[in-house]
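K.L.:
One structure, as structure tokens, below. Some questions next.
Every number here is computed from the coordinates shown, using simple stated rules; none is lab data. In this text, all values refer to a predicted model and were calculated from it rather than measured experimentally. Glycine gets a Cβ as well: all are built from the backbone with ideal geometry, and neighbour counts include every protein chain shown.
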Amino acid sequence: MKEFQNKVAVITGAASGIGRALAERSVQEGMKVVLADIQDEALTETAAILQHKGGTVLCVKTDVSRAEEMEKLAQETLRAFGGVHLLFNNAGVGAGGTIWESTLDEWEWVLGVNLWGVIHGLRLFVPIMMAQDTGSHIVNSASLAGLLPYHPSAPYQVTKQGIVALSEQLYYSLKQWKAPINVSVLCPGAVRTGIMDGMQQTPPEWQSNTAVLEAPSQTKPDYAAALASMRRATAMGMSPKLVAEHVFAAIRDERFYILTHPEFNTAVHARMQSVLLGQNPPDLSRVIGYCLK
Ligand SMILES: NC(=O)c1ccc[n+]([C@@H]2O[C@H](COP(=O)([O-])OP(=O)(O)OC[C@H]3O[C@@H](n4cnc5c(N)ncnc54)[C@H](O)[C@@H]3O)[C@@H](O)[C@H]2O)c1
């Protein structure tokens, strides 16, 4: 996709962080935007910022993990703008610790938002894009955790690797179908957003989950250090605006993998190489700061 003017972008998790930056960039490119998020107030605030910049904005309060709410998002998008050209499956949360310490609720919540949210987005929006005669593009927000062998939150890691798999599956299926839809998967390292405070957005039915990212019940001391290191990295991370620049450059170039943090390429390479050489997962502690110390 090279031309964005007057086209329509749908962004999930649009009320803050990377999603808000993608929405701002979409407006800057002359697109109409549909903002989907679970946070009502932040959604309204984001819409006001974008409207102030001249954007045409539709807000649809959406919990991406719920099929019926995603269906409503698709219907409202079509009703308001008649089509969709750019879909950002971006909403994401993190919770839990090791596989056995993460509660069932944590597993279900993170898989619901991160994985089912993307599945619903693809199930619902790909057929709409296929029925249009214009080209379109889908960007799924994974993470470096989708390419590296270790993250302190097992549910987060599993979903992010799942999003890379979903995106690659989508890429090949769309090629086979000769559909005019391109795909990218975004795999950033630390980005300066509120993701580490994301539990504030926990839907009421999950609020019994207090043993989340910051407070695993019984855990190794290393875990707290890993989280502290992630919190520091996020606080000093790349600006969401720069991430959005990388993303739009990749859309223009029809590039599938969007790796915004080249300092981690050695770690990704080491992981891939250990698979090919039949070796055990590599010790990446020096590269990623928290791992197998
Ligand atoms: N910040 C980072 O360092 C980083 C690194 C790699 C990948 N990512 C990924 O980027 C994406 C955006 O995260 P961010 O860093 O901007 O965090 P963020 O917390 O600022 O934004 C996430 C947004 O998703 C929304 N959200 C949460 N649950 C939702 C649900 N059920 N339905 C709809 N919206 C929901 C939140 O309200 C929030 O506005 C996520 O998928 C995240 O995993 C972030």
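K.L.:
Once you keep just the Cα pairs under 8 angstrom separated by 6 or more residues, what percentage relative contact order results for the chain?
P.N.:
Relative contact order of the chain: 18 percent.
K.L.:
Moving on. Tell me the label-point distance for the pair Thr98, Leu276, using the 7 Å Cα-to-Cβ offset, in nm and rounded to one decimal.
P.N.:
Roughly 3.3 nm, to one decimal.
K.L.:
Sticking with this one: Please list, by residue number, everything in the range 251-273 whose backbone N is under 17 Å from a paramagnetic label point 7 Å out along Cα→Cβ of Leu242.
P.N.:
258-265
K.L.:
Here's something else I'd like to know. Determine the gain in length on full extension of the stretch Lys2-His269; use 0.36 nm per residue of separation and subtract their C-alpha separation, reporting nm with one decimal.
P.N.:
Full extension of this stretch gives 93.0 nm more.
K.L.:
Taking chymotrypsin sites (Phe, Trp or Tyr not before Pro) as exposed when DSSP calls them loop (any state but H, G, I, E, B) and at most 11 other Cβ atoms lie within 10 Å, what is the longest stretch of the chain free of them, the sites themselves excluded?
P.N.:
178-293
K.L.:
Can you list residues from other chains, or at least 5 along the same chain, whose modelled amide H is less than 5 Å from the amide H of Val93?
P.N.:
HN-HN under 5 Å from Val93: Asn114.
K.L.:
At 7 Å along the Cα-to-beta-carbon direction for both Ala165 and Asp133, put a label point, then send me their distance in nm to one decimal.
P.N.:
With each label point 7 Å from Cα toward Cβ, the separation is 3.9 nm.
K.L.:
So, one more: Counting pairs of alpha carbon atoms under 8 Å apart in space and at least six apart in sequence, what relative contact order in percent does the range 63-167 give?
P.N.:
36 percent
K.L.:
Now, a different point. Suppose every Lys and Arg Cβ carries +1 and every Asp and Glu Cβ carries -1, with no other charges. What dipole size does the chain come out with about its Cα centre, to the nearest 20 debye?
P.N.:
That gives the chain a dipole magnitude of about 800 debye.
K.L.:
Follow-up. Spelling out what I want: for every residue of the range 111-128, take phi, set θ = phi - 60°, compute 6.51 cos²θ - 1.76 cosθ + 1.60 (Karplus), and round to whole Hz; glycine and proline get x.
P.N.:
My calculation for the range 111-128 gives 5, x, 6, 6, 9, 5, x, 5, 4, 4, x, 6, 3, 8, 8, 4, x, 5 Hz in order.
K.L.:
In whole Hz and in residue order, list the ³J(HN,Hα) couplings for the range 148-156 that follow from phi through the Karplus curve 6.51 cos²θ - 1.76 cosθ + 1.60, θ = phi - 60°; x for Gly and Pro.
P.N.:
9, x, 8, 9, x, 9, 4, x, 4
K.L.:
Can I ask one more? Using amide H atoms built in the peptide plane, which far-off residues or other-chain residues are under 5 Å from Val191 H to H?
P.N.:
Met238
K.L.:
Could you tell me the largest-minus-smallest coordinate of the C-alpha atoms of the range 50-148 on each of the three principal axes, in descending order and whole angstroms?
P.N.:
On the principal axes, the range 50-148 reaches 47, 30, 26 Å in Cα extent.
K.L.:
Apply the Kirkwood formula to the range 1-112: the hydrodynamic radius equals the inverse of the mean of 1/r over all pairs of different alpha-carbon atoms; give it in Å with one decimal.
P.N.:
14.6 Å
K.L.:
Sticking with this structure for a sec: Which length gain, in nm to one decimal place, applies between Ser285 and Tyr172 when the Cα-Cα distance is subtracted from 0.36 nm times their residue separation?
P.N.:
Once the chain is fully extended between Ser285 and Tyr172, it gains 37.3 nm.
K.L.:
In terms of modelled amide H atoms, which long-range or inter-chain residues lie less than 5 Å from the amide H of Val183?
P.N.:
Hits under the 5 Å cutoff: Ile138.
K.L.:
Take Ala249 and Lys53, extend 7 Å from each Cα along the Cα→Cβ direction, and tell me the distance between the two endpoints in nm.
P.N.:
Label at Ala249, label at Lys53, 1.8 nm between them.
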